[in-house]
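To start, the structure under review is shown below, and the notes come after it.
The values are calculated or read from the model by the stated rules, or taken from the named source; none is laboratory data. All of these numbers come straight from a predicted model, not from anything done at the bench. With ligands, DNA and RNA removed, areas are computed over all heavy atoms of the protein, side chains included. Shrake-Rupley method; radii C 1.70, N 1.55, O 1.52, S 1.80 Å.
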Amino acid sequence: MASISTLPIPNRFPDPFTTEPHVPERVIGERRNYRTVWVSDIHLGTRGCNAGLLIDFFDHVDCETLYLVGDIIDGWRLKKRHFWPPEHNDVVWRVLKRAKRGTRVVYVPGNHDEMVKPFDGFDFGGVEIRREAVHETADGRKLLIVHGDEFDAVMLAHRWLAFVGDAAYTALMKCNVVVNAIRSRLGLPYWSLSMVAKHKVKNAVQFIGHYEEVVAHAARSRGVDGVVCGHIHSAEMRAIDGVDYYNDGDWVEGCTALVEHHDGRMEILHWAEEVAARDAPAPLGLPAAAKAA
(Lines give C-alpha, C1' and ligand atoms only; values in the text may rest on other atoms or scores of the structure.)
Protein backbone atom coordinates (compact mmCIF):
# COMPACT_ATOMS: atom_id res chain seq x y z
CA MET A 1 0.00 0.00 0.00
CA ALA A 2 1.21 3.50 -0.84
CA SER A 3 2.15 5.81 2.01
CA ILE A 4 0.86 9.34 2.38
CA SER A 5 4.40 10.70 2.04
CA THR A 6 4.65 9.31 -1.51
CA LEU A 7 1.54 11.11 -2.78
CA PRO A 8 2.27 13.98 -5.23
CA ILE A 9 0.43 16.54 -3.11
CA PRO A 10 1.56 19.20 -0.61
CA ASN A 11 3.10 17.73 2.53
CA ARG A 12 0.56 19.33 4.82
CA PHE A 13 -2.98 20.39 4.17
CA PRO A 14 -4.33 23.30 6.24
CA ASP A 15 -5.91 22.48 9.59
CA PRO A 16 -9.24 24.37 9.74
CA PHE A 17 -8.89 24.61 13.54
CA THR A 18 -5.40 26.19 13.63
CA THR A 19 -5.07 28.05 10.31
CA GLU A 20 -6.97 30.67 8.35
CA PRO A 21 -7.52 30.50 4.60
CA HIS A 22 -5.81 32.82 2.12
CA VAL A 23 -9.28 33.86 0.90
CA PRO A 24 -11.29 34.54 4.09
CA GLU A 25 -14.48 32.56 4.52
CA ARG A 26 -17.35 34.90 3.82
CA VAL A 27 -20.29 35.21 6.18
CA ILE A 28 -23.36 34.96 3.98
CA GLY A 29 -26.68 36.04 5.46
CA GLU A 30 -28.76 33.17 4.08
CA ARG A 31 -26.68 30.25 2.89
CA ARG A 32 -28.40 27.67 0.72
CA ASN A 33 -28.93 24.35 2.43
CA TYR A 34 -29.17 21.05 0.58
CA ARG A 35 -29.43 17.48 1.75
CA THR A 36 -26.56 16.34 -0.50
CA VAL A 37 -23.99 17.94 -2.79
CA TRP A 38 -21.82 16.21 -5.40
CA VAL A 39 -18.75 17.85 -6.97
CA SER A 40 -16.01 16.27 -9.06
CA ASP A 41 -13.18 16.99 -11.47
CA ILE A 42 -11.82 19.96 -9.56
CA HIS A 43 -8.24 19.20 -10.70
CA LEU A 44 -6.43 20.96 -7.88
CA GLY A 45 -2.81 21.39 -8.89
CA THR A 46 -3.59 22.64 -12.40
CA ARG A 47 -3.92 26.13 -13.83
CA GLY A 48 -7.30 25.23 -15.29
CA CYS A 49 -8.87 24.68 -11.86
CA ASN A 50 -11.46 27.36 -11.11
CA ALA A 51 -10.68 27.45 -7.39
CA GLY A 52 -12.12 30.95 -7.01
CA LEU A 53 -15.57 29.91 -8.23
CA LEU A 54 -15.49 26.76 -6.08
CA ILE A 55 -14.53 28.81 -3.01
CA ASP A 56 -17.47 31.09 -3.74
CA PHE A 57 -19.72 28.02 -4.05
CA PHE A 58 -18.61 26.61 -0.70
CA ASP A 59 -19.13 30.00 0.94
CA HIS A 60 -22.76 30.09 -0.21
CA VAL A 61 -23.83 26.45 0.16
CA ASP A 62 -24.25 24.03 3.08
CA CYS A 63 -25.22 20.34 3.01
CA GLU A 64 -25.60 17.30 5.22
CA THR A 65 -23.46 15.10 2.94
CA LEU A 66 -20.76 16.13 0.48
CA TYR A 67 -19.50 13.68 -2.14
CA LEU A 68 -16.17 14.36 -3.84
CA VAL A 69 -16.57 12.27 -6.97
CA GLY A 70 -12.99 11.94 -8.19
CA ASP A 71 -10.24 13.94 -9.89
CA ILE A 72 -10.20 16.30 -6.93
CA ILE A 73 -6.37 16.49 -6.95
CA ASP A 74 -4.64 16.12 -10.31
CA GLY A 75 -1.79 13.75 -9.54
CA TRP A 76 -0.93 13.42 -13.24
CA ARG A 77 -0.07 17.13 -13.45
CA LEU A 78 1.61 17.34 -10.05
CA LYS A 79 3.99 14.50 -10.95
CA LYS A 80 5.22 16.57 -13.90
CA ARG A 81 5.15 20.07 -12.44
CA HIS A 82 4.37 21.44 -9.00
CA PHE A 83 1.61 24.03 -9.08
CA TRP A 84 -0.30 24.69 -5.88
CA PRO A 85 -1.40 28.32 -5.27
CA PRO A 86 -2.92 29.42 -1.94
CA GLU A 87 -6.45 29.25 -3.37
CA HIS A 88 -6.07 25.49 -3.89
CA ASN A 89 -5.26 25.10 -0.21
CA ASP A 90 -8.34 27.23 0.51
CA VAL A 91 -10.53 24.68 -1.29
CA VAL A 92 -9.06 21.90 0.87
CA TRP A 93 -9.50 24.10 3.97
CA ARG A 94 -13.21 24.53 3.22
CA VAL A 95 -13.74 20.80 2.67
CA LEU A 96 -12.00 19.92 5.94
CA LYS A 97 -13.90 22.68 7.74
CA ARG A 98 -17.18 21.12 6.63
CA ALA A 99 -16.07 17.75 7.96
CA LYS A 100 -15.13 19.38 11.29
CA ARG A 101 -18.55 21.06 11.45
CA GLY A 102 -20.35 17.73 11.08
CA THR A 103 -20.90 17.38 7.34
CA ARG A 104 -20.35 13.84 6.14
CA VAL A 105 -17.65 14.02 3.45
CA VAL A 106 -17.10 11.02 1.15
CA TYR A 107 -14.18 11.01 -1.31
CA VAL A 108 -14.48 8.62 -4.28
CA PRO A 109 -11.14 8.85 -6.18
CA GLY A 110 -10.92 9.00 -9.97
CA ASN A 111 -8.14 8.38 -12.47
CA HIS A 112 -6.23 11.65 -11.96
CA ASP A 113 -6.17 11.09 -8.20
CA GLU A 114 -5.78 7.31 -8.39
CA MET A 115 -2.96 7.58 -5.81
CA VAL A 116 -5.74 7.89 -3.21
CA LYS A 117 -7.42 4.59 -4.18
CA PRO A 118 -5.15 2.36 -2.02
CA PHE A 119 -6.61 4.14 1.03
CA ASP A 120 -10.11 2.76 0.37
CA GLY A 121 -11.91 2.36 3.70
CA PHE A 122 -9.73 4.88 5.55
CA ASP A 123 -10.93 8.06 7.21
CA PHE A 124 -8.64 11.11 7.06
CA GLY A 125 -9.65 14.21 8.99
CA GLY A 126 -13.30 13.23 8.83
CA VAL A 127 -13.12 12.51 5.08
CA GLU A 128 -14.14 8.94 4.16
CA ILE A 129 -12.18 7.36 1.28
CA ARG A 130 -14.31 4.93 -0.76
CA ARG A 131 -13.73 3.31 -4.15
CA GLU A 132 -17.48 3.66 -4.67
CA ALA A 133 -20.53 4.39 -2.54
CA VAL A 134 -24.29 3.97 -2.56
CA HIS A 135 -26.43 6.95 -1.59
CA GLU A 136 -30.08 6.74 -0.60
CA THR A 137 -32.07 9.83 -1.52
CA ALA A 138 -34.79 11.38 0.62
CA ASP A 139 -37.42 9.78 -1.64
CA GLY A 140 -35.92 6.31 -1.22
CA ARG A 141 -33.89 5.85 -4.42
CA LYS A 142 -30.49 4.16 -4.29
CA LEU A 143 -27.76 5.86 -6.34
CA LEU A 144 -24.39 4.32 -7.15
CA ILE A 145 -21.58 6.87 -6.73
CA VAL A 146 -18.51 6.31 -8.93
CA HIS A 147 -16.07 8.62 -10.69
CA GLY A 148 -16.70 6.85 -13.98
CA ASP A 149 -13.22 6.32 -15.40
CA GLU A 150 -13.77 2.57 -15.14
CA PHE A 151 -16.38 2.87 -17.91
CA ASP A 152 -14.13 4.86 -20.25
CA ALA A 153 -13.02 2.53 -23.07
CA VAL A 154 -10.05 4.80 -23.86
CA MET A 155 -8.83 4.58 -20.27
CA LEU A 156 -9.29 0.81 -20.12
CA ALA A 157 -7.93 -0.24 -23.51
CA HIS A 158 -5.42 2.48 -24.40
CA ARG A 159 -3.99 4.09 -21.29
CA TRP A 160 -1.19 5.70 -23.32
CA LEU A 161 -3.80 7.43 -25.51
CA ALA A 162 -5.47 8.79 -22.41
CA PHE A 163 -2.20 10.48 -21.40
CA VAL A 164 -1.82 11.94 -24.92
CA GLY A 165 -5.37 13.23 -24.74
CA ASP A 166 -4.65 14.69 -21.32
CA ALA A 167 -1.70 16.63 -22.74
CA ALA A 168 -3.84 18.04 -25.55
CA TYR A 169 -6.58 18.91 -23.08
CA THR A 170 -4.06 20.68 -20.83
CA ALA A 171 -2.91 22.81 -23.77
CA LEU A 172 -6.51 23.78 -24.49
CA MET A 173 -7.05 24.68 -20.85
CA LYS A 174 -3.99 26.97 -20.92
CA CYS A 175 -5.66 28.81 -23.79
CA ASN A 176 -8.83 28.89 -21.73
CA VAL A 177 -6.97 30.60 -18.85
CA VAL A 178 -5.62 33.30 -21.19
CA VAL A 179 -9.00 33.88 -22.81
CA ASN A 180 -10.72 34.30 -19.45
CA ALA A 181 -7.98 36.55 -18.09
CA ILE A 182 -8.69 38.89 -21.01
CA ARG A 183 -12.46 38.59 -20.49
CA SER A 184 -12.04 39.39 -16.79
CA ARG A 185 -10.14 42.59 -17.61
CA LEU A 186 -12.95 43.56 -19.97
CA GLY A 187 -15.52 42.95 -17.24
CA LEU A 188 -16.95 39.88 -18.96
CA PRO A 189 -18.06 36.70 -17.09
CA TYR A 190 -16.29 33.32 -17.17
CA TRP A 191 -16.61 31.44 -20.47
CA SER A 192 -15.37 27.93 -21.26
CA LEU A 193 -13.50 27.60 -24.54
CA SER A 194 -13.06 23.86 -24.09
CA MET A 195 -16.74 23.32 -23.30
CA VAL A 196 -17.77 25.05 -26.53
CA ALA A 197 -15.22 23.02 -28.50
CA LYS A 198 -16.47 19.78 -26.94
CA HIS A 199 -20.09 20.42 -27.89
CA LYS A 200 -19.11 21.45 -31.42
CA VAL A 201 -17.20 18.27 -32.20
CA LYS A 202 -19.50 15.49 -33.39
CA ASN A 203 -17.30 12.65 -32.16
CA ALA A 204 -17.12 14.15 -28.67
CA VAL A 205 -20.92 14.39 -28.55
CA GLN A 206 -21.25 10.77 -29.66
CA PHE A 207 -18.68 9.64 -27.07
CA ILE A 208 -20.54 11.42 -24.27
CA GLY A 209 -23.84 9.86 -25.28
CA HIS A 210 -22.33 6.37 -25.45
CA TYR A 211 -20.52 6.85 -22.14
CA GLU A 212 -23.76 7.86 -20.39
CA GLU A 213 -25.54 4.77 -21.71
CA VAL A 214 -22.74 2.42 -20.60
CA VAL A 215 -22.71 3.91 -17.09
CA ALA A 216 -26.51 3.70 -16.80
CA HIS A 217 -26.57 0.07 -17.95
CA ALA A 218 -23.85 -0.82 -15.45
CA ALA A 219 -25.89 0.80 -12.68
CA ARG A 220 -28.98 -1.19 -13.67
CA SER A 221 -26.97 -4.41 -13.52
CA ARG A 222 -26.03 -3.48 -9.93
CA GLY A 223 -29.69 -3.27 -8.98
CA VAL A 224 -29.69 0.43 -8.07
CA ASP A 225 -32.11 3.11 -9.21
CA GLY A 226 -29.53 5.51 -10.56
CA VAL A 227 -25.91 6.57 -10.76
CA VAL A 228 -23.90 9.71 -10.06
CA CYS A 229 -20.54 10.12 -11.78
CA GLY A 230 -18.15 12.70 -13.20
CA HIS A 231 -15.06 12.10 -15.37
CA ILE A 232 -16.24 13.47 -18.75
CA HIS A 233 -16.74 17.10 -17.61
CA SER A 234 -20.29 17.16 -18.94
CA ALA A 235 -23.06 17.87 -16.42
CA GLU A 236 -26.26 16.00 -17.17
CA MET A 237 -29.34 14.48 -15.57
CA ARG A 238 -31.68 12.24 -17.53
CA ALA A 239 -33.40 8.87 -17.47
CA ILE A 240 -31.77 6.12 -19.53
CA ASP A 241 -33.82 2.93 -19.87
CA GLY A 242 -35.36 3.40 -16.45
CA VAL A 243 -32.11 4.39 -14.71
CA ASP A 244 -31.55 7.90 -13.38
CA TYR A 245 -28.23 9.11 -14.79
CA TYR A 246 -26.56 12.08 -13.11
CA ASN A 247 -23.22 13.66 -13.95
CA ASP A 248 -22.12 16.50 -11.66
CA GLY A 249 -19.83 18.05 -14.30
CA ASP A 250 -16.58 19.72 -13.25
CA TRP A 251 -14.82 22.81 -11.87
CA VAL A 252 -12.50 23.34 -14.84
CA GLU A 253 -14.90 23.96 -17.71
CA GLY A 254 -18.53 24.09 -16.64
CA CYS A 255 -18.18 24.85 -12.89
CA THR A 256 -21.23 22.81 -11.93
CA ALA A 257 -22.46 20.83 -8.95
CA LEU A 258 -25.25 18.31 -8.49
CA VAL A 259 -27.45 18.87 -5.45
CA GLU A 260 -30.24 16.96 -3.73
CA HIS A 261 -32.99 18.99 -2.11
CA HIS A 262 -34.45 17.80 1.18
CA ASP A 263 -37.41 16.21 -0.63
CA GLY A 264 -35.14 14.15 -2.92
CA ARG A 265 -35.43 16.45 -5.93
CA MET A 266 -32.17 16.71 -7.89
CA GLU A 267 -30.77 19.80 -9.59
CA ILE A 268 -27.60 20.85 -11.40
CA LEU A 269 -26.23 24.22 -10.31
CA HIS A 270 -24.29 26.19 -12.95
CA TRP A 271 -22.22 28.33 -10.61
CA ALA A 272 -20.42 30.51 -13.15
CA GLU A 273 -23.80 31.59 -14.50
CA GLU A 274 -25.10 32.28 -11.01
CA VAL A 275 -22.08 34.41 -10.14
CA ALA A 276 -22.42 36.32 -13.42
CA ALA A 277 -26.10 37.00 -12.71
CA ARG A 278 -25.31 38.04 -9.14
CA ASP A 279 -22.59 40.45 -10.26
CA ALA A 280 -24.55 41.90 -13.18
CA PRO A 281 -25.50 45.58 -12.75
CA ALA A 282 -29.07 46.25 -11.69
CA PRO A 283 -31.44 47.46 -14.45
CA LEU A 284 -31.79 51.21 -14.61
CA GLY A 285 -34.30 52.47 -12.09
CA LEU A 286 -34.09 49.39 -9.87
CA PRO A 287 -32.06 49.16 -6.65
CA ALA A 288 -29.53 46.33 -6.28
CA ALA A 289 -31.71 44.65 -3.66
CA ALA A 290 -34.57 44.37 -6.13
CA LYS A 291 -32.23 42.82 -8.72
CA ALA A 292 -30.93 40.24 -6.21
CA ALA A 293 -34.45 39.23 -5.27
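Worth pointing out:
- Accessible surface of segment 62-114, 1.4 Å probe: 47 percent of it comes from carbon and sulfur atoms.
- Subtracting the Cα-Cα distance of D263 and T103 from their residue separation scaled by 0.36 nm leaves 55.8 nm.
- Of interest is the spacing of the C-alpha centroids, which for segment 204-268 and segment 68-87 amounts to 24 Å.
- Under-5 Å amide H pairs with H112, H placed in peptide plane, nonlocal only: D71
- Per-residue ³J(HN,Hα) for segment 46-51, Karplus 6.51 cos²θ - 1.76 cosθ + 1.60, θ = phi - 60°, Hz, x for Gly and Pro: 10, 6, x, 5, 8, 4
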